[in-house]
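Colleague: A single structure is presented below for examination.
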Amino acid sequence: MKTEITYTRQGDYNLPDLILPEQDKREIGVWGARRRRYLKEHHRILYYNLLTKCKLHDHLADINEEAEKMYSRLVKQLVEQEGITEQLKAEDQMVWVKQMNSIRDRVTEIVNHEIIYA
């Protein structure tokens, strides 16, 4: 199989006409963005390897999906374990909000540790 490379003249230079492969249309979301920032700051080799192989977006989208599932599952489990109910929400909203915020913060730390920064 012979591949022909075409060039475009830019000033004094001939630059190859490169076309990137089709990218996945999935969103990377907040978890994917955190993972991208972490890789870019702390694991540059992995980040640039994924980027140059056009696999970074897929990796970030997969991480986002996995983290979303884990986050939802853990929040649900902790709500059940700690007995936070709709009745509590109706009776004392501030206590309910305080407990839900506490659960969300703890779960965010778990997901960050287990998936994003792993």
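Laboratory data are not the source of any read-out in this text; all were calculated from the coordinates shown. Note that the structure is a prediction, hence the values are computed from the model and not measured. Ideal geometry is used to build each Cβ from the backbone, glycine not excepted, and the neighbour counts take in all protein chains shown.
Colleague: Tell me, in nm to one decimal, what length is gained between H42 and E4 on full extension, where the rule is 0.36 nm per residue of separation less the Cα-Cα distance?
Modeller: Once the chain is fully extended between H42 and E4, it gains 9.9 nm.
Colleague: Sticking with the crude label model, points 7 Å out along Cα→Cβ, report the distance from K69 to T52 in nm, one decimal please.
Modeller: Here the answer is 3.2 nm between the modelled labels.
Colleague: Residue separation times 0.36 nm, minus the C-alpha to C-alpha distance between S102 and E86: what's the value?
Modeller: Working: separation 16, 0.36 × 16 = 5.76 nm, distance 1.66 nm.
In short, 4.1 nm is gained.
Colleague: OK, next. What is the percent of Cα-Cα separations in segment 60-118 that go past 14 Å?
Modeller: Values: 985 of 1711 pairs.
Roughly 58 percent, rounded to a whole number.
Colleague: Further question: Order the peptides 106-114, 94-102 from the highest to the lowest mean number of other Cβ atoms within 10 Å of their residues. Show your work: numbers first, answer last.
Modeller: Values: 106-114: 14.8, 94-102: 12.9.
Packing order, densest peptide first, comes out as 106-114, 94-102.
Colleague: Hey, any idea what the orientation-averaged projected area of the convex hull of segment 9-62's Cα atoms comes to, in nm²?
Modeller: Details: hull surface 20.4 nm².
Computed as one quarter of the Cα hull surface, the answer is 5.1 nm².
Colleague: State, to one decimal in nm, how far the label point of Q93 lies from the label point of Q23, with both points 7 Å from Cα in the Cβ direction.
Modeller: 4.1
Colleague: Express the C-alpha Rg of the chain as a ratio against the empirical globular expectation 2.2 N^0.38 Å, rounded to two decimals.
Modeller: Details: Rg = 22.2 Å, N = 118, 2.2 N^0.38 = 13.5 Å.
Expressed relative to 2.2 N^0.38 Å, the Cα Rg reads 1.64.
Colleague: Given the -39500 (n - 2.57) contribution per DSSP H run of 4+ residues, what per-residue ellipticity at 222 nm results for the chain, rounded to the nearest 500 deg cm²/dmol? Intermediate results must be reported in sequence, preceding the final value.
Modeller: Numbers: 5 runs with 74 residues, N = 118.
Counting only the DSSP helices, I get -20500 deg cm²/dmol.
Colleague: By a straight-distance test (C-alpha under 21 Å), which lysines pair with K40 as possible cross-link partners, with residues fewer than eight away in the same chain excluded?
Modeller: K53, K55
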